[in-house]
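Report on one structure; see the data block that follows.
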Amino acid sequence: MLQAKLEDGRLILLASHQKEQIHNFRKQRFFCPACRKSVIIRAGKKIIPHFAHEQIHDCELNKTGESLYHMRGKLQLFHWLKKQGYAVRLEECVKDSARRPDLLLHTSSGRELAIEYQCASISDEELMRRNEAYERNEIFPIWILGGNRLKRTSTYMFDLPKREQRFLMQHKQNMPLQLLYYCSDTETLCNVQHILLTGKKQTVGQFFFRPLQSLRFPQIFQPLPKNLSEINQAWHSVQARAIAKPLTYAPVAMKRWVMRLYDNGLLLQDIPLSILQPVETQYQMSVPPYIWQTDMWLEVLNHLSVTESISLKRLMYTCRKWEVATKPFAISSNKHPVQSYMQRLCQHGWFDQIDSDTFVKKKGLSLF
Ligand SMILES: [Zn+2]
């Protein structure tokens, strides 16, 4: 932890003091702000001055097993926000809970934001617990992942395991989906926007690396330019590769679906690539796009004749079995993936949208 309390109750941020002062502090007793147990000073040439519990025991500020990388980044973000005039607190307790976000920020409009600089992996249960505490207190969570966790594989691709899709953020409707990474070694913020999930850990996105000091806080949420055709191309190539090879490590439900396809005399490779369309809200689905989208064609869309209409509700019902219960926490969109998918088919001239719930088939496609 970066801060601890003196016997008189004063909260001391050790890293903001000079070497001599820290030396003097060593003669005094400090206490953990969370559990009130005695803590000791850790300071030296290569480390960020901080406090540590004397003994390992169950404490909210003990659990994190903070790395130096994390501590440094937390401090840099704290100073960066403070310099911009924000009311920001380090490791402060959220009321009615033991939860202590890395940074707690009060905006001028009266909103509270919890900024979590997440450098280590975190269990799903822990993540749920934190978000429940924030939700209860109407605190909006902002996840900034450690730059050490960004696994970029090519210009428009990175690896994002399913568990980490929880950190996807979209603070307002019509804002791009994004992920934030911060590297405390280079003091660089990486904004990944225009993210398209593929159903595998390979994920499409556009990367923007900027020095933290060149940015103001609201800027990290602003939409950045989009290389539309490159992004779509990267997404389509993952889908093409996925259907070109047999499923080896797939959940039972997916394998069963593919078996049904075989029973109908079809192979995965028979799926026409043109019907596969990227949608931003893929995180709401438990299976890759090529499965739920093909499923919609097999169940409903293929059987429609030209000029016949279909309701969005009916299509959503077909896909209900593929929806997931666990969604990202910091998302404000309520658009259904099926809705986005149908609108993309309209853009391609295959359907027309008549009203908010109805689509009409425009072209007779004999896909299967
Ligand atoms: Zn403690």
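Among the residues of the range 28-68, those identified as within 11 Å of the ligand (Cβ to nearest atom), in a loop (DSSP other than H, G, I, E, B) and either exposed (fewer than 12 other Cβ atoms within 10 Å of the Cβ) or more than 34 Å from the chain's Cα centre (by Cα) (or both) are 36, 37, 54, 55, 56, 57, 58. Can you spot a residue in the range 36-59 that is under 26 Å from residue 110 (Cβ atoms) and not aromatic (Phe, Trp, Tyr)? No, there is no match, as no residue in the range 36-59 is under 26 Å from residue 110 (Cβ atoms) and not aromatic (Phe, Trp, Tyr). Taking the criterion of being open to solvent by 50 Å² or more (accessible area, probe 1.4 Å), at pLDDT below 85, of a type in the set (Lys, Arg) and within 15 Å of the chain's Cα centre (by Cα), would at least one residue in the range 168-175 satisfy it? Yes, that holds for at least one residue. If you filter the range 1-18 down to residues that are touching a residue at least 24 places away in the same chain (Cβ under 8 Å) and open to solvent by 40 Å² or more (accessible area, probe 1.4 Å), you find that the one that is farthest from the ligand (Cβ to nearest atom) is 17. A Cβ distance below 6 Å, combined with a sequence gap of six or more or placement on separate chains, defines the contacts here; from the range 228-254, residues that are surrounded by fewer than 16 Cβ atoms within 10 Å (Cβ to Cβ) reach residues that are among the hydroxyl-bearing types (Ser, Thr, Tyr) in the pairs 230/156. When the range 137-163 is limited to residues that are open to solvent by less than 30 Å² (accessible area, probe 1.4 Å) and part of a loop (DSSP other than H, G, I, E, B), the one that is farthest from residue 184 (Cα to Cα) turns out to be 137.
The set of residues in the range 98-112 that are within 21 Å of residue 147 (Cα to Cα) and open to solvent by 10 Å² or more (accessible area, probe 1.4 Å) contains only 102.
Out of all the residues in the range 76-90, is one or more on the phi < 0 side of the Ramachandran plot, touching a residue at least 12 places away in the same chain (Cβ under 8 Å), within 16 Å of the ligand (Cβ to nearest atom) and over 21 Å from the mean Cα position of the chain (by Cα)?
Checked the range 76-90: at least one residue is on the phi < 0 side of the Ramachandran plot, touching a residue at least 12 places away in the same chain (Cβ under 8 Å), within 16 Å of the ligand (Cβ to nearest atom) and over 21 Å from the mean Cα position of the chain (by Cα).
State whether one or more residues within the range 196-218 are on the phi > 0 side of the Ramachandran plot and open to solvent by 20 Å² or more (accessible area, probe 1.4 Å). So far as the range 196-218 goes, yes, one or more of its residues are on the phi > 0 side of the Ramachandran plot and open to solvent by 20 Å² or more (accessible area, probe 1.4 Å).
Answer with yes or no whether residue 99 is farther than 30 Å from residue 45 by Cα and touching a Cys at 6+ places or on another chain (Cβ under 8 Å). I'd like the intermediate steps shown before the answer.
Details: farther than 30 Å from residue 45 by Cα: yes; touching a Cys at 6+ places or on another chain (Cβ under 8 Å): yes.
In short, yes.
Take the conditions closer than 25 Å to residue 211 by Cα, at pLDDT below 90 and among the hydrophobic types (A, V, I, L, M, F, W, C) and apply them to residue 47. Does it pass? Taking the combined requirement at face value, the residue satisfies it. Does residue 75 fit the bill of being surrounded by fewer than 17 Cβ atoms within 10 Å (Cβ to Cβ) and under 17 Å from residue 146 (Cβ atoms)? In short, no.
Given the structure, is residue 85 assigned by TED's automatic domain parsing to the domain that holds residue 126 and either open to solvent by 40 Å² or more (accessible area, probe 1.4 Å) or farther than 24 Å from residue 149 by Cβ (or both)?
Details: assigned by TED's automatic domain parsing to the domain that holds residue 126: yes; either open to solvent by 40 Å² or more (accessible area, probe 1.4 Å) or farther than 24 Å from residue 149 by Cβ (or both): yes.
Judged against the criteria, residue 85 is a match.
Of all the residues in the range 136-162, those that are more than 15 Å from the chain's Cα centre (by Cα) and either on the phi > 0 side of the Ramachandran plot or at pLDDT below 90 (or both) number 1. Tallying residues that are touching an Asp or Glu at 6+ places or on another chain (Cβ under 8 Å) and farther than 14 Å from residue 103 by Cα within the range 51-85 yields 1.
Scan the range 318-359 for residues that are within 24 Å of residue 162 (Cα to Cα) and of a type in the set (Phe, Trp, Tyr) and jot them down.
Initial filter on the range 318-359 (within 24 Å of residue 162 (Cα to Cα)): 318-341.
If the condition is that a residue be within 24 Å of residue 162 (Cα to Cα) and of a type in the set (Phe, Trp, Tyr), then 322, 329, 341 are the ones that fit.
Just to be sure, is residue 22 in a strand (DSSP E or B) and either open to solvent by less than 70 Å² (accessible area, probe 1.4 Å) or within 16 Å of the ligand (Cβ to nearest atom) (or both)? No: the conditions fail for residue 22.
Of all residues in the range 272-283, those that are without any contact (Cβ under 8 Å) to a residue 60 or more places away in the chain and farther than 19 Å from residue 174 by Cα have Cβ atoms under 7 Å from Cβ atoms of residues that are open to solvent by less than 20 Å² (accessible area, probe 1.4 Å) and part of a helix (DSSP H, G or I), 6 or more apart or on another chain, in 273/239; 276/239; 276/289; 276/290; 276/293.
A quick yes/no check of all residues on (1) outside the structural domain of residue 287 (by TED's automatic domain parsing); (2) of a type in the set (Ser, Thr, Tyr); (3) touching a Leu at 6+ places or on another chain (Cβ under 7 Å):
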position: 316; (1), (2), (3): no, no, no
position: 322; (1), (2), (3): no, no, no
position: 327; (1), (2), (3): no, no, no
position: 336; (1), (2), (3): no, no, no
position: 340; (1), (2), (3): no, yes, no
position: 351; (1), (2), (3): no, no, yes
position: 355; (1), (2), (3): no, no, no
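The values are calculated or read from the model by the stated rules, or taken from the named source; none is laboratory data. Note that this is a predicted model, so its numbers are computed, not measured. For neighbour counting, all protein chains shown are included, and Cβ atoms are generated from backbone atoms with ideal geometry for every residue, glycine included. Just the protein is used for accessible areas: all its heavy atoms, side chains included, with ligands, DNA and RNA removed. Shrake-Rupley method; radii C 1.70, N 1.55, O 1.52, S 1.80 Å.
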